[in-house]
Every structure is written in structure tokens, then in C-alpha cells.
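Below you'll find the structure, written out as C-alpha cells, and then a few comments.
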Number of protein chains: 2
Amino acid sequence: MVNGMKVAVNGYGTIGKRIADAVIMQNDLQLSGVSKVTPDYEALILNKIGTNLYVPEQNIKKFEDAGITVSGTIPEMVNSCDIIVDATPGGYGTKYKELYQSAGKPAVFQGGEDANMVDLSFCAMCNYELVSGKKYVRVVSCNTTGILRTIYSLRSFGIKNVQVDIIRRAADPREIKKGPINSITLDPVESPSHHANDVKSVMPDLKIVTRAAIVPTTLMHLHQMTIKFDRKTEKIEVINALLKTPRIVLLSSNSGVHSTAEIMEIARDLGRKRADLPEVAVFEGSINADGDTVLLSYAVHQESIVVPENIDAIRAIQGKVTKDDSIKITDTAMGIKRGYLI
Amino acid sequence: MVNGMKVAVNGYGTIGKRIADAVIMQNDLQLSGVSKVTPDYEALILNKIGTNLYVPEQNIKKFEDAGITVSGTIPEMVNSCDIIVDATPGGYGTKYKELYQSAGKPAVFQGGEDANMVDLSFCAMCNYELVSGKKYVRVVSCNTTGILRTIYSLRSFGIKNVQVDIIRRAADPREIKKGPINSITLDPVESPSHHANDVKSVMPDLKIVTRAAIVPTTLMHLHQMTIKFDRKTEKIEVINALLKTPRIVLLSSNSGVHSTAEIMEIARDLGRKRADLPEVAVFEGSINADGDTVLLSYAVHQESIVVPENIDAIRAIQGKVTKDDSIKITDTAMGIKRGYLI
């Protein structure tokens with residue numbers, strides 16, 4: 001659509017490149033350009049696919065010396081778009097906000113920024129409608145998004161309290177300098193981990209405690225969730241609620257899947273670009289209902305889970321499309337599923 | 001093409017599923033079916049995409065109990081095809097050969113089988129023409145294929161001898177029970193490793209020595225190659241030879257790429273299915289020419305490098321298409337590149 005909203009993505013890393021791809025897939029949005037700081041293989045790919053590349057003014061020569069074509073500076077990118085998605089490394093978004101403000105442009109930030117620097121923290125299913133009239137929105141982090149979708153799916157049973165033990169991946173597949181590579185590291189030692197507060201930035205009244213440990217793997221996070229409901233809850237009720245929630249998929253008991261490696265292999269086999277899985281992936285066999293308490297285990301693909309949320313955040317700020325419509329448009333365009341994964 | 005050669009793939013694991021996909025992509029071949037032993041997620045995917053699934057007779061009930069539709073037994077699959085690609089685990093191909101023989105069907109085996117059990121060991125560029133009139137052919141292993149393509153590319157300079165130090169990945173991404181996960185393991189301690197002999201099964205006169213060590217990673221193998229030529233050789237000659245060889249790509253010096261993780265990330269970014277990279281990936285910056293000796297480093301994607309070779313082996317046995325045509329048809333259908341990767 002020629003008259004689509006012009007979206008610029010500031011920061012073309014793990015999350016930024018996926019958001020840029022997702023913007024291109026939406027009929028009502030157009031990608032006006034992306035920014036990068038380093039002239040590396042991702043910049044070469046951008047040139048190859050013909051996306052406008054903007055860089056810091058002082059780095060233009062570095063890019064040109066590496067044979068990479070540059071469309072302009074980052075302020076020029078900001079001026080030429082309708083809305084910015086900031087996917088810069090954690091903390092940089094807060095610094096860039098001034099630039100966005102002075103250009104009068106709304107912006108969507110990522111979970112690496114402080115919740116206080118925006119008007120609202122965002123998870124599409126939970127609080128899409130509250131964005132109306134807001135200019136600066138923050139999509140919560142991957143782990144928080146996973147918790148929120150799952151809680152949202154089961155909210156109708158009445159949630160007394162939630163505990164999540166998060167087993168985090170150490171680094172993304174492309175990261176070659178991060179660890180640990182031979183340790184299980186509490187992150188942090190103290191509980192609750194920051195995730196509980198991050199969940200509350202979207203669902204302020206939820207009683208939740210979280211802990212996190214990092215393990216030497218790159219593929220996905222795993223959440224060990226325990227929910228206490230207001231009433232006795234049956235396993236089949238939990239399954240049925242999860243099956244009908246967007247952006248959640250179940251790994252059927254008869255699939256034999258019991259690892260993040262196998263989930264990622266399915267994403268590869270299904271031909272997903274980059275083998276991404278933006279859905280929360282719940283192990284059906286892990287669901288254990290005992291009276292008012294339910295245990296369940298699910299995996300979160302840290303590289304892609306927030307991507308559809310960013311697309312919805314753009315539409316929520318635009319204020320022309322309802323929540324259900326936006327989720328449906330985003331998921332259809334991106335091939336995001338609900339129900340059993342296979 | 002309705003009259004395409006009917007190909008059955010026995011064994012639908014890491015290699016088998018990729019060969020099945022590649023067969024479907026060829027206009028002159030059709031996939032008649034595949035076999036599996038275990039009713040797991042890969043079987044569920046086969047049902048979903050509608051591929052005929054054959055299983056051992058004694059396992060039919062197990063599959064049906066898991067809700068998976070079965071088309072017949074493995075002998076029925078063998079009888080209903082024109083040629084078999086055997087992608088069963090190493091050693092099983094030799095056992096299955098009897099079945100193929102009694103059905104009078106030609107077969108392509110993988111590098112896990114002994115070289116003596118076939119008429120010829122195969123690498124498309126090196127000995128496609130020799131397959132004429134042969135019935136049982138073995139595509140050499142991933143590491144051997146990587147060595148052979150590279151050597152073939154540089155053969156015109158006159159090769160005196162070759163040494164390859166192979167740094168092997170420990171397991172494929174989907175394998176959750178293999179290691180090592182915290183060791184560098186000589187495999188074997190003695191040199192040469194079996195790869196030297198495997199290379200000679202295709203190039204009997206080549207002087208080559210190989211060593212191998214396994215490291216805790218899943219992505220790709222890395223080869224540290226040293227070639228002594230009959231004459232002084234310039235770096236630019238090596239680059240030019242590699243640039244014009246099919247199924248070899250160069251990682252340009254200005255790309256900044258210096259790891260298997262980054263190569264796989266590029267494969268993801270390029271939208272390759274399963275993030276596969278069937279090409280040998282040479283680090284341009286690693287090429288060091290000093291007199292008659294050249295050092296170079298390249299990566300080998302163990303999951304996919306032999307897939308195009310299997311397709312060519314089918315055509316080589318069929319005997320109707322020339323080597324250059326087959327390589328071109330295969331590579332065009334599969335999107336396999338030469339030249340700089342990006």
C-alpha cells in the first residue's frame with residue numbers, strides 16, 4: 001500500500017532485522033529505512049536487498065570504505081519516517097528518545113529500556129487499547145512477553161499468584177563473545193528477578209515472583225511456571241484455553257518433543273525464515289493440574305517473540321485498527337500460528 | 001514432470017529430509033516416498049505436508065497409535081520407486097543393500113557406509129562421468145566433500161600434497177544426546193584420520209594427510225587446509241579459481257565474518273530453508289600464499305553439503321544428463337551459489 005505508514009527501524013541487530021522484515025510483510029506499513037553502526041555482513045545484505053541504510057554521520061566514510069552504499073544519517077532517517085521502532089542495544093533507546101522527540105516522531109522501544117522512559121509498557125494481548133493517545137511505547141522483553149501471553153490465556157480461571165523459574169539461554173546464535181559457556185549462573189542471585197516487575201509494568205495487579213538462571217545454550221529460554229488459581233482447574237481446561245490463544249502453540253504429547261533443540265528443528269523443517277518461532281511453545285505433556293495449582297513448561301524464542309508485538313505497537317499508536325484486527329493482520333502476514341504446532 | 005524418475009528416500013533424518021526436499025525441487029525427479037522408524041515430530045510433519053511415509057512392518061501399529069498415517073512398508077516403498085537414496089544411519093545402508101538388490105533397484109548411499117560396499121564413491125565435480133553403468137554409488141561424507149570440492153577447484157595449479165586439520169562440530173543442532181559438551185577430543189588420536197582415505201576413494205592419486213578434533217559446537221565443521229603446489233601460486237589466482245567453482249562461496253574480507261556462527265546467521269538472513277548452506281564457505285582473508293604453499297580456512301555445513309551431491313548421483317546413475325548440466329540444474333533448483341556469498 002503506497003499510503004502505508006512509513007516505519008524506520010533504528011538498530012539492525014537480532015531484533016531490528018526481524019522487525020524490518022515483518023514491517024515489509026504488512027500491507028498497511030512500509031519500511032522507509034534502517035540504521036546500522038558497523039559496516040559488517042548485515043550491512044552488505046541490506047545493500048543486496050535494496051533497503052535504505054542510514055548510519056551515524058561520523059561512520060559514513062567507514063561504510064563507504066567497505067564498499068557499502070549509505071542513504072544518509074540517522075537524523076535524516078528519523079525525519080523521513082512517520083514512526084520509529086528503536087531496536088538499538090539496551091539503554092541506547094533512552095539516549096535516542098531526545099532525537100525522536102525533537103523531530104516530533106512517535107517511537108516504539110524494546111524491553112532493554114527502562115519502563116519509566118515511556119508512556120506505557122506493551123504486550124498486544126494485554127493492553128493494546130491503552131496505547132490510544134500515547135506517543136512512546138515499550139514492548140516488554142522476550143521473557144516477559146512469554147509470561148504475559150501465557151497468563152493472559154489462563155486469566156479467566158482467576159489467578160491467585162504465579163511463580164516462574166526462567167532457564168535462560170546464554171547468548172543468541174550469532175553472538176560469539178558472550179557466555180557463560182560452562183556454568184549455570186543465577187541471574188541474579190536475589191529473587192525476584194527483574195522479570196516480575198516487568199510483568200507488573202503491564203499487569204500491575206498480578207501477584208508474581210520470578211527467578212532466573214543462565215545456561216550455556218543459544219536456542220531458546222525455558223519457563224517453568226506454577227500458577228495458583230482461585231478455583232480447582234482441570235488439565236483439559238488449561239489445554240483448551242491455550243489452544244485458542246493467538247501466538248501460543250502446543251507441542252503435542254505424541255510428538256515426542258522435549259527440548260528446545262527439537263522445537264527449533266521443527267521451525268527449520270516448517271521452513272520458517274531464520275528458523276524463527278515467535279509463538280510461545282507449550283509442552284502439552286508438562287501441564288500438571290492438581291487442585292487449584294497448575295504446572296506448565298514452555299519455551300520462548302528470544303530472537304523473534306517480540307517481533308509481532310512491535311508491529312501491533314505501531315498500529316496501536318496509529319490508533320486506526322482494533323486489537324483483535326491488528327493481531328490477526330500481523331499473524332496472518334507473518335504466518336504465526338495458534339493451536340498445535342504440528 | 002509426470003514422467004520424472006521416482007525417487008524413494010530410505011531414512012528421514014538430518015540428511016534424508018533435506019534430500020527429500022531437494023528431490024521435490026527438481027523438475028526431472030519425483031519423490032515417491034520416504035521411510036521412518038520412529039513416530040516422532042518429523043513423522044507428524046510428513047503427514048502434514050502429504051509425503052508418503054513408509055515404516056518397518058513391525059512398527060506400523062506404533063505409528064497408527066500415535067495418530068500418524070502410514071502408506072506401507074519399506075519393501076513396498078522400494079518396489080514402488082525407480083531409485084533409492086539410502087540416508088539411514090551409518091552401517092544400515094549395507095544391511096538394506098540386499099533389499100535393494102533383490103528388488104533390482106539402483107541406490108545412492110551416504111558416507112557412513114564402507115567404500116567397499118559400492119561400485120564407486122562419488123563427488124559430483126570430481127567423478128560424475130565414472131558412474132555411467134554403475135548401480136550402487138556412495139556420496140562421500142560432508143568433510144570429504146568439502147575437501148574434494150576445494151581441491152578440485154585448485155587442481156589446475158598442480159597439487160603436490162595436501163594437509164587438512166579438521167575441527168569438527170560435536171553434534172547436529174537437533175541432536176540432544178551427543179557430545180562432547182566440554183572437551184576438545186582428538187578423533188582419532190592417530191593420524192591420518194579416516195578422511196584422507198575417504199578423499200582417496202574419489203581421488204586415488206592425491207597425496208593427502210588429515211587430522212581431526214571434535215569441539216563442543218553444533219553449527220559447522222572448520223577445515224584448516226595447507227596445499228603445496230607444483231609451482232609458486234599467487235593469492236589472487238586462488239581467489240579467482242575459487243570464485244568460479246560451483247558450490248564454493250567466499251566470505252569477503254570486508255564482511256568481517258570470522259566464525260561459523262556468523263556464516264549460519266547469514267544463511268538465516270538470506271532466508272535459506274533450515275538456514276542451510278550446502279556450499280563450501282571459504283574465508284577470503286584466510287588465504288595465505290607463500291611460494292608454492294597456500295593456507296586457507298573454510299567451513300562445511302555438515303547437515304546440507306552432501307544434499308546436491310545426492311541429486312547429481314541420481315542423475316549420474318540415470319546416465320541421461322551430463323555432469324555440468326546436472327550440477328547446473330541442481331544448483332539452480334536449490335538456489336546454490338558460487339562467488340561471494342554476500
Set B:14, B:51, B:88: member being under 28 Å from residue B:301 (Cβ atoms), among the hydroxyl-bearing types (Ser, Thr, Tyr) and in contact with a Phe, Trp or Tyr (Cβ under 7 Å, 6 or more places away or on another chain): B:88
Filtered residues of the range A:278-293 (kept if in contact (Cβ under 8 Å) with a residue 60 or more places away in the chain and either crowded, with 23+ Cβ neighbours inside 10 Å or within 13 Å of chain B (Cβ to nearest Cβ) (or both)): A:279, A:280, A:281, A:282
Qualifying residue in the range B:297-314 (condition: closer than 23 Å to residue B:26 by Cβ and of a type in the set (Gly, Ala, Ser)): yes
Total residues in the range A:22-55, condition within 27 Å of residue A:328 (Cα to Cα), charged (D, E, K, R) and within 13 Å of chain B (Cβ to nearest Cβ): 0
In the range A:50-106, the residues that are closer than 19 Å to residue A:30 by Cα and among the aromatic types (Phe, Trp, Tyr): A:54, A:100
Which numbered condition residue A:4 fails, given (1) of a type in the set (Gly, Ala, Ser); (2) farther than 17 Å from residue A:174 by Cα; (3) modelled with pLDDT of 95 or more: (3)
Within the range A:16-102, strands (runs of 3 or more DSSP E) holding 3 or more residues that are assigned by TED's automatic domain parsing to the domain that holds residue A:316 and not aliphatic (A, V, I, L, M): A:29-35
Residue A:337 vs. criteria over 26 Å from residue A:175 (Cβ atoms), away from chain B (no Cβ under 14 Å) and crowded, with 17+ Cβ neighbours inside 10 Å: no
Complete set of residues in the range A:112-160 that are in contact (Cβ under 8 Å) with a residue 40 or more places away in the chain, polar (S, T, N, Q) and closer than 22 Å to residue A:86 by Cα: A:121, A:127, A:132, A:141, A:143, A:144, A:145
Residue ranges of strands (runs of 3 or more DSSP E) in the range A:243-310 with at least 1 members of a type outside the set (Gly, Ala, Ser), closer than 21 Å to residue A:172 by Cα and at pLDDT 95 or above: A:280-283, A:293-300
Condition met for residue A:316 (in contact with a Ser or Thr (Cβ under 8 Å, 6 or more places away or on another chain), surrounded by fewer than 23 Cβ atoms within 10 Å (Cβ to Cβ) and not β-branched (Val, Ile, Thr)): no
Filtered residues of the range B:159-212 (kept if more than 30 Å from residue A:182 (Cα to Cα), more than 17 Å from the chain's Cα centre (by Cα) and acidic (Asp, Glu)): B:205
Set B:30, B:26, B:58: member being without any contact (Cβ under 8 Å) to a residue 60 or more places away in the chain, surrounded by 15 or more Cβ atoms within 10 Å (Cβ to Cβ) and not basic (Lys, Arg): B:30
Sole residue being surrounded by fewer than 18 Cβ atoms within 10 Å (Cβ to Cβ), touching a helix residue (DSSP H, G or I) at 6+ places or on another chain (Cβ under 6 Å) and within 14 Å of chain B (Cβ to nearest Cβ), chosen from A:69, A:94: A:69
Residues satisfying the stated conditions in the range A:221-248, i.e. surrounded by fewer than 18 Cβ atoms within 10 Å (Cβ to Cβ) and either under 29 Å from residue A:184 (Cβ atoms) or among the polar types (S, T, N, Q) (or both): A:224, A:226, A:228, A:240
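The values are calculated or read from the model by the stated rules, or taken from the named source; none is laboratory data. All of these numbers come straight from a predicted model, not from anything done at the bench. Cβ sites come from the backbone with ideal geometry, for glycine too, and all protein chains shown count toward neighbours.
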